[in-house]
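What follows draws every value from the coordinates through simple rules; no lab data is involved. The model shown is predicted, which means the values in this text are computed figures rather than measured ones. Reconstructed Cβ throughout: ideal geometry from the backbone, glycine too, with neighbour counts over all protein chains shown.
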Amino acid sequence: MNKMKPVILTGLRANNDLHIGNYLGALLPLIDMAKQRAGEYQINLFVPDLHSFTTPIDHSKLQDNIMQTLRVFVAAGLPLDQDDVHIYRQSYIPAHSELTWILDCFASFFVLRRMQQFEQKAGLQLSVGGKVPDPQRVKTLIQELEAFRKKNQDLEKLPPGWDRAQIEYLLFAVIENWKFSEKALARHHLNNRRLAGVSVGLFNYPVLMAADILLYNASYVPVGEDQTQHLEFTRDIAIRMNNQFGELFTVPEPVAKQHEFFGKDQGLRIKDLVDPTKKMSKSDETGRGVIFLTDTPEEAAKKIKSATTDSFNEIRYDMKERPGVSNLLQILALFTGRDLQDVIAQYEGQTRYGDLKQDVAEAVGTFLRDFQAKLVQVDNQAILAKLEKDEAAMREQANRVLLKVQRAVGLRPAA
Ligand code: TYM
């Protein structure tokens with residue numbers, strides 16, 4: 001194995017059924033690279049099994065879920081016969097846990113406490129009408145209100161076009177910033193009660209993820225948009241430790257450069273079909289807005305046909321104002337391998353959403369049929385044999401980086 005090859009790495013947790021968001025956001029970009037550019041890059045695709053129970057799970061199912069996730073990797077096209085492609089289970093490489101502890105001691109409690117995923121999963125995130133307020137919008141509204149009041153010298157009147165929505169937004173800003181208001185204190189106590197039920201593992205999630213990345217000197221980490229903040233965190237801790245101890249880690253490429261590398265203009269966030277203001281997520285209880293990789297083409301078509309769109313009666317790509325229809329256009333482009341701009345040009349201006357839905361359902365159906373046919377044929381023995389070989393090699397690679405860090409922090413004598 002050539003140690004100098006840049007590393008592309010990603011992981012998918014083995015919790016539940018994987019869905020097309022996981023597939024398109026993380027798996028497909030990595031597998032495309034493995035198919036087209038293995039030889040130039042080292043490709044690591046792993047199951048972060050230690051990340052699986054940061055929120056409660058049924059532990060009796062974990063082993064099966066891990067194996068099923070590995071099977072999904074193969075059915076999605078990961079070539080197992082390439083020397084530069086590696087699959088492994090995180091917990092089989094103890095260096096992940098060991099490096100996590102060391103990184104923990106260099107990670108800021110404050111930064112981790114403010115991580116969006118932590119706030120969401122711990123149920124701490126503030127919302128206005130079910131949406132997370134955008135700080136930029138709060139700022140714009142305050143400026144607008146101030147300018148209006150200055151001009152009119154009237155504290156009773158509101159700027160033209162303002163209604164409850166704007167006021168609620170501003171109220172949120174007051175609650176958030178005015179730390180000692182009664183409401184803020186009540187919220188603080190509520191959050192503390194909620195935190196009692198939140199595991200330290202959930203809090204520590206990004207640090208373990210940083211260890212996953214830094215142990216292999218990964219430069220590129222294809223993930224969905226929801227994981228961008230964790231990537232930034234990884235870069236930040238690597239840069240800080242490099243500054244303190246000399247070149248310990250390869251710093252992953254900046255997020256914008258990573259998007260460029262994978263041929264995107266931004267991180268991918270496939271939306272829930274029922275509520276397209278939310279991301280498609282495994283934890284959706286009804287499953288109606290989520291297309292699982294195990295759904296039959298018919299089930300998927302039903303979900304797509306009842307997907308929420310909008311009442312503009314005209315197809316236009318606009319993720320902010322028309323997230324439902326834009327999400328469908330994006331899904332279609334990704335499953336047909338076409339350029340998004342091409343797909344937009346074909347449908348924009350059309351007044352029948354049904355035709356677009358039909359085309360999306362066909363593209364998704366074709367993918368699911370093909371994927372599921374491959375899934376039943378996956379050879380478990382071939383996976384187990386590859387795991388054994390790769391996990392031994394990755395243990396060595398990870399231990400080399402770990403030793404460097406242990407020496408730097410004084411846990412081992414200097415070389
Ligand atoms: P997990 O299993 O929650 O998600 C796996 C990947 O799927 C992406 N994803 C999406 N992409 C687009 N649209 C969506 N609706 C959508 N939902 C999920 C996630 O961003 C992710 O890339 N923390 C990681 C697992 C991990 C990891 C790592 C990844 C652990 N250690 C090191 C990379 C490197 C996660 O979210 O897994």
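Structure notes:
- Arranged from fewest to most other beta-carbon atoms within 10 Å of their beta carbon, Met241, Met4, Met280, Met115 become Met4, Met115, Met241, Met280.
- Given Lys35/Lys279; Lys5/Lys35; Lys271/Lys303; Lys278/Lys320; Lys121/Lys282, the pairs whose alpha carbons are separated by over 22 Å: Lys35/Lys279
- Taken about its Cα centre, the chain carries a charge dipole of about 1020 debye when Lys and Arg each add +1 at the Cβ and Asp and Glu each add -1 at the Cβ.
- Of Thr140, Ala361, Tyr347, farthest towards positive along the dipole that unit charges on Lys, Arg, Asp, Glu beta carbons give the chain: Thr140
- Whole-number D in µm² s⁻¹ for the chain, Kirkwood Cα-pair radius fed into Stokes-Einstein, 4 °C, 1.567 mPa s: 55
- GNM flexibility winner over the chain from Asn380, Asn399, Asn152 (Cα, springs under 10 Å): Asn152
- Remark on Leu12: its backbone amide H falls under 5 Å from those of Phe46, a criterion applied only to residues 5 or more positions apart or on other chains, H modelled at 1.01 Å from N.
- Charge tally around Glu253: other residues with Cβ under 13 Å, Lys/Arg +1 each, Asp/Glu -1 each, net 0.
- GNM flexibility winner over the chain from Ala398, Ala34, Ala385 (Cα, springs under 10 Å): Ala385
- GNM top mover of Val47, Val200, Val378 - the chain, alpha-carbon springs below 10 Å: Val200
- The DSSP beta bridges internal to the chain are antiparallel in roughly 25% of cases.
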